[in-house]
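J.: Encoded as structure tokens, here's the structure I'll be asking about.
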Amino acid sequence: MDRFIIEGGVRLKGTVELSGAKNAVLPILAATLLTNGKSIIRNVPPLSDVYTMLRIMRYLGVKVTMEDGAVTVDPRNYSNYRAPYKLVSTMRASICLLGPILAKLKHAEVSMPGGCVIGTRPIDLHLKGLRSIGADIKIEHGYVIADGKNMKGSRVYLGGKFGSSVLATANILMAATLTKGKTVIESAACEPELTDMANFLCKMGAKIKGQGTPIIEIEGVRSLSGAQHSVIYDRIEAGTFMIAAAITGGDVVIKHACVNHLGAVIDRLENAGIKISKTKEGLRVRKTRSLKPVDVTTLPYPGFPTDMQAQMMALMSVTKGISIITEKVYPERFMHVSELSRMGAQIMLETPNAIIKGSSKISGAPVMASDLRASAALILAGLVAKGKTEISRIYHIDRGYHNIEEKFEKLGARIKREKEY
Ligand code: UD1
């Protein structure tokens, strides 16, 4: 296992280049299983979650190769419809294989993914949606067993207790592309990663209207062909570097950052006093005056992303004054609070609210990463803390950020990866 050692106190400066979006590439890889031909996906970040997805696809009998950020997928001879627990349990997003396998092979058996530290993470909306288009589904021995012989297009309402669901929308959308008749998804997720996947499906020959809005219409087609696609850049990685610039009082250009995908993050940071401008390359983010606290509520897109909540909390912990962060997507997603507190942050938790009494004084400490975005928050805190921060269990961060320490080092940060015994 590796750990990060960070010496805080450096103002970050320079240009950082984003990688392809993890949350787009995973459903896009799953979507290739719907086709009868070869697909080439570009701008694929070499992340451990991507390798997990490729491992599952190979297990199913799909030919997959990855070279220089391009994945070639040939699903022509796959006939294995069972994604086993030992592979699925390592990555929750593998649930998005259910829809495409079911639509293509008319039968799918996918292990229930289980919970994770950020909450219970049910899959009721995935099952409800697939049942609405005629799938016969039972849960047996920890597996979702789905039969698709009688599937037909229908109206599907996907709103849940916490709003729309990204991967449930992905699953129903993918399944509906090869399902006879018209499917209308209401209360669909609008996340840009999902729109990117829908655009890829259209290149494959799917008939889809309304992607990026809460109502998506799909007219089923008989077959889909392979296609080529370049994955969008990672808006959460962009947001993480925006906060890195803000928290260190730096001046950073984030290459490929897309303003349209970052509206809520830009709004909160500008309200806090950060200067953000569009450049030819992407976005320039700098701190030109002292910051003030802002309240944040996470919501499905276009609201403030839950995947940026922990990073925002790190920033508010060092911004003088009181702020309230309300988590409306995963109300239990506060594992980072205790670790930030070990560094001197003053945070009171009244789930789903965190009340933060910001101060400029936090100090380096040994801390433990608990999940992907919590790890990012600890790095951000480490960058501004006095002294040395040691972050253990950083395999979490390798799931979603490619070469993060090299990118930070290039901006001047004192961060290194060490083997942990
Ligand atoms: C995706 C993202 C993840 C992000 C999350 C919310 C990927 C690979 N992962 O996860 O990084 O944090 O969106 O933006 O894209 N829910 C139900 N029933 C369901 C499904 C979800 O109640 O059947 C609830 C969840 O518990 C949560 C909320 O809906 O409270 C949103 O979850 P969802 O959008 O499904 O998250 P994922 O798609 O799994």
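J.: Report yes if Lys255 is touching a strand residue (DSSP E or B) at 6+ places or on another chain (Cβ under 9 Å), without any contact (Cβ under 8 Å) to a residue 60 or more places away in the chain and among the charged types (D, E, K, R), otherwise no.
T.: Numbers: touching a strand residue (DSSP E or B) at 6+ places or on another chain (Cβ under 9 Å): yes; without any contact (Cβ under 8 Å) to a residue 60 or more places away in the chain: no; among the charged types (D, E, K, R): yes.
It is false that Lys255 is touching a strand residue (DSSP E or B) at 6+ places or on another chain (Cβ under 9 Å), without any contact (Cβ under 8 Å) to a residue 60 or more places away in the chain and among the charged types (D, E, K, R).
J.: Only one of (1) assigned to a strand (DSSP E or B); (2) within 16 Å of the ligand (Cβ to nearest atom); (3) crowded, with 24+ Cβ neighbours inside 10 Å fails for Ile254. Which number is that?
T.: Failed condition: (2).
J.: Same structure, new question: Kindly provide the set of residues from region 375-414 that are modelled with pLDDT of 95 or more, under 21 Å from Arg235 (Cβ atoms) and among the aliphatic types (A, V, I, L, M), ordered by number.
T.: Within region 375-414, Ala376, Ala377, Leu378, Ile379, Leu380, Leu383, Ile404, Leu411 meet the criteria.
J.: Tell me yes or no: at least one residue of region 71-82 is assigned by TED's automatic domain parsing to the domain that holds Arg131, outside any loop (DSSP other than H, G, I, E, B) and among the small types (Gly, Ala, Ser). Quick ask: steps written out before the conclusion?
T.: Of all residues in region 71-82, those assigned by TED's automatic domain parsing to the domain that holds Arg131 come to 71-82.
Those still in the list that are outside any loop (DSSP other than H, G, I, E, B) too: 71-74, 82.
Now restrict to residues that are among the small types (Gly, Ala, Ser): none.
The answer is no, given that none of the residues of region 71-82 is assigned by TED's automatic domain parsing to the domain that holds Arg131, outside any loop (DSSP other than H, G, I, E, B) and among the small types (Gly, Ala, Ser).
J.: Within region 27-35, is even one residue touching an Asp or Glu at 6+ places or on another chain (Cβ under 8 Å), crowded, with 22+ Cβ neighbours inside 10 Å, within 17 Å of Asp196 (Cβ to Cβ) and not acidic (Asp, Glu)? Step through it out loud before you land on a result.
T.: To start, the set of residues in region 27-35 that are touching an Asp or Glu at 6+ places or on another chain (Cβ under 8 Å) comprises 27-28.
Those still in the list that are crowded, with 22+ Cβ neighbours inside 10 Å too: 27-28.
Now restrict to residues that are within 17 Å of Asp196 (Cβ to Cβ): 27-28.
From what is left, the residues that are not acidic (Asp, Glu) are 27-28.
Yes: region 27-35 contains one or more residues that are touching an Asp or Glu at 6+ places or on another chain (Cβ under 8 Å), crowded, with 22+ Cβ neighbours inside 10 Å, within 17 Å of Asp196 (Cβ to Cβ) and not acidic (Asp, Glu).
J.: Mind counting the residues in region 88-147 that are among the small types (Gly, Ala, Ser), within 11 Å of the ligand (Cβ to nearest atom) and in contact with a Pro (Cβ under 9 Å, 6 or more places away or on another chain)?
T.: 4
J.: Taking the conditions exactly as written (surrounded by 23 or more Cβ atoms within 10 Å (Cβ to Cβ) and within 16 Å of the ligand (Cβ to nearest atom)), does Ala310 satisfy them or not? Show your work before the answer.
T.: Details: surrounded by 23 or more Cβ atoms within 10 Å (Cβ to Cβ): yes; within 16 Å of the ligand (Cβ to nearest atom): yes.
Answer is yes for this residue.
J.: Residue check: is Ala354 within 20 Å of the chain's Cα centre (by Cα) and buried (at least 22 other Cβ atoms within 10 Å of the Cβ)? Give the derivation first.
T.: Working: within 20 Å of the chain's Cα centre (by Cα): no; buried (at least 22 other Cβ atoms within 10 Å of the Cβ): yes.
For Ala354, the condition - within 20 Å of the chain's Cα centre (by Cα) and buried (at least 22 other Cβ atoms within 10 Å of the Cβ) - is not met.
J.: Moving to a separate point now. Give me the pairs, please: first residue somewhere in region 349-371 and in the same structural domain as Glu327 (by TED's automatic domain parsing), second residue anywhere and among the acidic types (Asp, Glu), beta-carbon distance under 7 Å, and either six or more positions apart or on two chains.
T.: Going by the 7 Å Cβ cut-off, the qualifying pairs are Thr351/Glu332; Pro352/Glu327; Pro366/Glu390; Val367/Glu339; Met368/Glu339.
J.: Would you kindly identify the strands (runs of 3 or more DSSP E) lying entirely within region 261-304 that contain at least 2 residues that are under 17 Å from the mean Cα position of the chain (by Cα)? Walk me through it before giving the result.
T.: Numbers: elements: 274-278, 282-287, 296-298.
Once the strands (runs of 3 or more DSSP E) in region 261-304 are filtered for at least 2 residues that are under 17 Å from the mean Cα position of the chain (by Cα), nothing remains.
The values are calculated or read from the model by the stated rules, or taken from the named source; none is laboratory data. What you see is a predicted model; the values in this text were computed from it and never measured. Because the Cβ atoms are built from the backbone with ideal geometry, glycine has one as well, and the counts that use them run over all protein chains shown.
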